[in-house]
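J.: First the structure, which I've put down as structure tokens, then a few questions once you've had a look.
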Amino acid sequence: MDVAVDGNGKRMETDYGKRWTQDYPELGTDPVPVASRLTQEYFDRERDTIFSKSWLNVGREEQIAETGDFFVQDIAVCKASVLLVRGKDGEIRGFHNVCTHRASKLVWGGSGCKRTFTCKFHGWTFDESGQLVGVPDEDGFYCLDKSENGLVRVATEVWNGFIFVNLDPNPKESLQEYLGEWGERLADYPFQGRTTCYAYQGEINANWKLCVSAFNEGYHVPFVHPMSAPETFRSKKNLFCRPIWVKLYPRHQTYSFYANPDSKMTALEALSAKYGPIVSSGPLGCPPGANPAGDPDWALDANVVFPNFFVDVANDWYFTYNFWPIAPDRTFYQVKSYFVPPKTASERFAHEYGRVLLRDVLLEDVETIEHTQLGLASGVRSHYILQDSEILIRHHLKTVENHVENRV
Amino acid sequence: MTGQKLPKSFSELAPFVAQGWALATERERVAKRCSSTMEELTEFYDAVLPKVDEIMTYLDALPLNDLPEDAQRLLDLTFSLAEASMSVERYQQPGVVDGFDPERFLPFSPFGQVP
Ligand code: FES
Ligand SMILES: [Fe+2]
């Protein structure tokens, strides 16, 4: 037993008093500079040292299950657009979405299924493997070798069904090496069977790092979610949602959230729980890779892949966040929750309940981000004061700094 | 769906279909929730909540991916109940308290599914 002190100075016992920061002395415990990392100059260095060189998640392989299925992922920070296509051979390939004639953007957006991609400008045509297969009025060109002018490849690899791209023409490590021990731990989590997806997207007027740091700590939960999750993630034993497990990999992170086993469900929540998954369904049948602490009072793990991707795993479902920088104070986000496809109407109902609850909780989270951006932009505070539960923020900012300062 | 019919055994919920609670998409359901008063949300919630088990028993006997129109309408009604429950059970107001603008949090379908 340890002691926690509430906002009124009252001391209480807690089982969750471990100081995780002590396991990572290199992070220190000092206030962390942040305002200086929201500038255009810092943003440009993040582009050059992180987003142009890291493995970035762009989606799931089920999105392009059939030959010719494709989608476009714009990576605004690098002024890049990537076309992802499932080839005849079953392989998923990524290409710069740029025509090799006069460099027009080839596919103007979205997703679909095509055997060939024809440029709108002058009709140059590429097949699903990126080969240039058609040039209108080819006779008019001088020594044009079609075989030399296919689409420019983008390094593309798949881990556990998640598609990643790397804009570096010569990535210095494979995706598997990049994910390392983090990836090994989640190698057997059953992502594959969970293909019903509810997704949301939009723009947040805040720096991308502020978006990441709104979702990798539990300290905010009692204050940001008092009505949507009053006691789901906290109890007398763990008043402030201290983590039940933390692991910092060289770049990536995991944070296990506590679930209160005595949390009182609302009337409809209890009905929904009879029919399908709920967020805090505990470790029963806990999937491989999840709940690494083996704590019976486990809710979910936030698994953060550097720089901008979350895979949050719960018992019967999981959800992901992608945060794409647009400008020093603008970020495009996508949130996706994944379930096993429902076989019955009652299962479908339970998914809808979970989708609505998660959405409203996230609306509470996202609202805080722009207020933080505004506060930091005022220039009054240059540093964050971080507590032990906020260790992932400390680590994320440090990892960004190591890249920007060319220490990796 | 423009019809108003519900499966016979649930005809007492017909007034809520008439009031526009049977909606096919999440956006329509959010708009309905946010434009309703707490009185309307509570009346709808109080009427449908005690029927949920009965509704699910009825619907689970039918093929989910090929529901008759009246059964789909009934399921859509329970999706609106999920929305209304957030207002009635949690927020004590129609929308999220101190929440981000739902108009800036937009559903999309990377897998081409789920309204
Ligand atoms: S730019 Fe594409 S065909 Fe001319
Ligand atoms: Fe939160």
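The values are calculated or read from the model by the stated rules, or taken from the named source; none is laboratory data. From a predicted model like this one, the values you see are computed outputs, not experimental measurements. Note that we place each Cβ from the backbone using ideal geometry, even for glycine, and neighbour counts take in every protein chain shown. Remember, those area values only see protein heavy atoms, side chains included, never the ligands or the DNA or RNA. Shrake-Rupley method; radii C 1.70, N 1.55, O 1.52, S 1.80 Å.
J.: What spacing in nm lies between the two simple spin-label points modelled at A:Arg102 and A:Lys236, each 7 Å away from Cα in the Cβ direction?
T.: 7.6 nm
J.: Related question: Between chains A and B, what is the buried accessible area summed over both chains (1.4 Å probe, protein heavy atoms, nearest 100 Å²)? Walk me through the intermediate numbers first.
T.: Details: alone 18700 and 7360 Å², together 22050 Å².
Counting protein atoms only, the buried area is about 4000 Å².
J.: Please give, to one decimal in nm, the separation of the simple spin-label points placed at B:Ala18 and A:Lys114, each 7 Å out from Cα toward the Cβ.
T.: Simple spin-label model gives 5.1 nm for this pair.
J.: Which FRET efficiency, nearest 0.05, do B:Ala47 and A:Ile326 yield, Cβ-Cβ r, R0 51 Å? Mind showing how you got there, number by number?
T.: Values: r = 45 Å, r/R0 = 0.89.
Efficiency at R0 = 51 Å is approximately 0.70.
J.: Quote the FRET efficiency, to the nearest 0.05, computed for A:Tyr142 versus B:Arg27 with a Förster distance R0 of 60 Å and r equal to the Cβ-Cβ distance. Before the final figure, lay out the partial values.
T.: Working: r = 54 Å, r/R0 = 0.89.
E between A:Tyr142 and B:Arg27, to the nearest 0.05, is 0.65.
J.: Continuing with this model, one more query. Cysteines of the protein assembly as shown lacking any other cysteine beta carbon under 4.7 Å?
T.: Isolated Cys, the protein assembly as shown: A:Cys78, A:Cys113, A:Cys143, A:Cys197, A:Cys211, A:Cys241, A:Cys286, B:Cys34.
J.: Another question about this same structure. Output the Cα-based Rg and Dmax of chain A in Å, rounding Rg to one decimal and Dmax to a whole number.
T.: Values for chain A (Cα only, Rg and Dmax): 23.0, 84 Å.
J.: If the elastic network links every pair of Cα atoms under 10 Å, which of A:Ser104, A:Ser378, A:Ser228 fluctuates the most in the Gaussian network model of chain A?
T.: Maximum fluctuation in the GNM of chain A, among the listed residues, is at A:Ser378.
J.: Mind checking which lysines have their C-alpha under 29 Å from A:Lys120, skipping anything on the same chain fewer than 8 residues away?
T.: A:Lys79, A:Lys88, A:Lys105, A:Lys146
J.: Further question on the same structure: Please compute the volume of the convex hull spanned by the alpha-carbon atoms of the stretch A:56-170 and report it per residue in Å³. Show your work: numbers first, answer last.
T.: Details: hull volume 12.1 nm³, N = 115.
Normalising the Cα hull of the stretch A:56-170 by residue number yields 105 Å³.
J.: Another one. Return a whole-number percent for the relative contact order of chain B, with Cα pairs under 8 Å and 6 or more residues apart as the contact set.
T.: On the way: 93 pairs, mean separation 42.1, N = 115.
Relative contact order, chain B: 37 percent.
J.: Go through the stretch A:243-253 residue by residue and turn each phi into a ³J(HN,Hα) via Karplus (6.51, -1.76, 1.60, θ = phi - 60°); whole Hz please, and just put x for glycine and proline.
T.: With coefficients 6.51, -1.76 and 1.60, one gets x, 8, 6, 9, 9, 9, 8, x, 10, 9, 8 Hz.
J.: Cross-link list A:Lys18/A:Lys209; A:Lys209/A:Lys247; A:Lys343/B:Lys32: which exceed 24 angstrom alpha carbon to alpha carbon? Could you put the intermediate results ahead of the total?
T.: Numbers: A:Lys18/A:Lys209 26 Å; A:Lys209/A:Lys247 19 Å; A:Lys343/B:Lys32 28 Å.
Violating the 24 Å limit, Cα to Cα: A:Lys18/A:Lys209; A:Lys343/B:Lys32.
J.: Follow-up. Provide the per-residue ³J(HN,Hα) series for the stretch B:40-48, in order, calculated from phi with Karplus coefficients 6.51, -1.76, 1.60 and θ = phi - 60°, each as a whole number of Hz, with x at glycine and proline positions.
T.: Result, rounded to whole Hz: 5, 5, 5, 4, 5, 4, 4, 7, 8.
J.: In nm, to one decimal, how far is the A:Arg19 label point from the A:Ser36 one, both placed 7 Å along Cα→Cβ?
T.: Distance between label points: 2.6 nm.
J.: Could you grab the relative contact order for the stretch A:56-170? Cα pairs under 8 Å, six or more apart, rounded to a whole percent.
T.: Values: 236 pairs, mean separation 30.6, N = 115.
Reported relative contact order: 27 percent.
J.: Would you grab the residues whose amide H sits under 5 Å from the one on A:Val82? Only those 5+ places off in sequence or on another chain, please, with H modelled 1.01 Å from N.
T.: A:Gln73, A:Asp74, A:Ile75, A:Asn97
J.: In addition: Just the number please: accessible area per residue for chain A, 1.4 Å probe, all protein chains included, in Å². The partial results should precede the final answer.
T.: Working: 16770 Å² over 408 residues.
So chain A comes to 41 Å² accessible per residue, rounded to a whole number.
J.: Going by average Cβ density within 10 Å per residue, which order do the peptides B:34-45, A:57-68 take, highest to lowest? Each step should come with its number before you reach the end.
T.: Details: B:34-45: 16.7, A:57-68: 18.6.
By packing density, highest mean first, the sequence is A:57-68, B:34-45.
J.: Further question: Springs between alpha-carbon atoms under 10 Å, Gaussian network over chain A: tell me which of A:Ile369, A:Ile385, A:Ile163 tops the mean-square fluctuations.
T.: A:Ile385
J.: Taking loop as defined by DSSP and a crowding limit of 16 other beta carbons within 10 Å, which trypsin sites (Lys or Arg not before Pro) in the stretch A:276-383 fit? Please report the intermediate quantities before stating the final value.
T.: Numbers: sites: A:Arg330, A:Lys336, A:Lys343, A:Arg348, A:Arg355, A:Arg359, A:Arg381; in loops: A:Lys343, A:Arg381.
Passing sites in the stretch A:276-383 are A:Lys343, A:Arg381.
J.: Long-range amide H contacts for A:Phe121: which residues qualify at under 5 Å (H placed 1.01 Å from N, peptide plane, sequence gap of 5 or more or a different chain)?
T.: Distant-sequence amide H within range of A:Phe121: zero hits.
J.: Another question about this same structure. Using only alpha carbon pairs under 8 Å that are at least six residues apart, calculate the relative contact order of chain A and give it in whole percent. Let's see the in-between values first.
T.: Working: 782 pairs, mean separation 79.3, N = 408.
The normalised contact order for chain A reaches 19 percent.
J.: Additional query: Under a 5 Å amide H to amide H cut-off, with H placed in plane at 1.01 Å, what residues pair with A:Trp55 once short-range neighbours are removed?
T.: Long-range HN contacts for A:Trp55: none found.
J.: Accessible area per residue of chain B at 1.4 Å probe, in Å²? Mind showing how you got there, number by number?
T.: Values: 5280 Å² over 115 residues.
So chain B comes to 46 Å² accessible per residue, rounded to a whole number.
J.: Can you compute log10 of I(q)/I(0) for the stretch B:14-93 with the Debye formula, treating each Cα as one identical point scatterer, at q = 0.11, 0.22, 0.25 Å⁻¹?
T.: Summing over Cα pairs of the stretch B:14-93 leads to -0.27, -1.01, -1.24.
J.: In sequence order, what are the phi-derived ³J(HN,Hα) couplings for the stretch A:305-314 according to the Karplus relation 6.51 cos²θ - 1.76 cosθ + 1.60 with θ = phi - 60°, rounded to whole Hz, with x for glycine and proline?
T.: Listing the rounded values in order: 9, 4, x, 9, 10, 10, 10, 9, 9, 10 Hz.
J.: Roughly how many percent of the accessible protein surface of the protein assembly as shown is carbon and sulfur, given a 1.4 Å probe and a whole-percent answer? Write out the running numbers ahead of the final one.
T.: On the way: 11230 of 22050 Å².
Of the solvent-accessible surface of the protein assembly as shown, carbon and sulfur hold 51 percent.
J.: Hey, can you list the residues from the stretch A:57-84 whose accessible area shrinks by 30 Å² or more with all protein chains present, relative to the chain by itself (probe 1.4 Å, no ligands or nucleic acids)?
T.: A:Gln63
J.: Mean residue ellipticity at 222 nm from the helices of chain A, using -39,500 (n - 2.57) per DSSP H segment of n ≥ 4 over the full residue count, to the nearest 500 deg cm²/dmol?
T.: Values: 7 runs with 83 residues, N = 408.
It lands at -6500 deg cm²/dmol.
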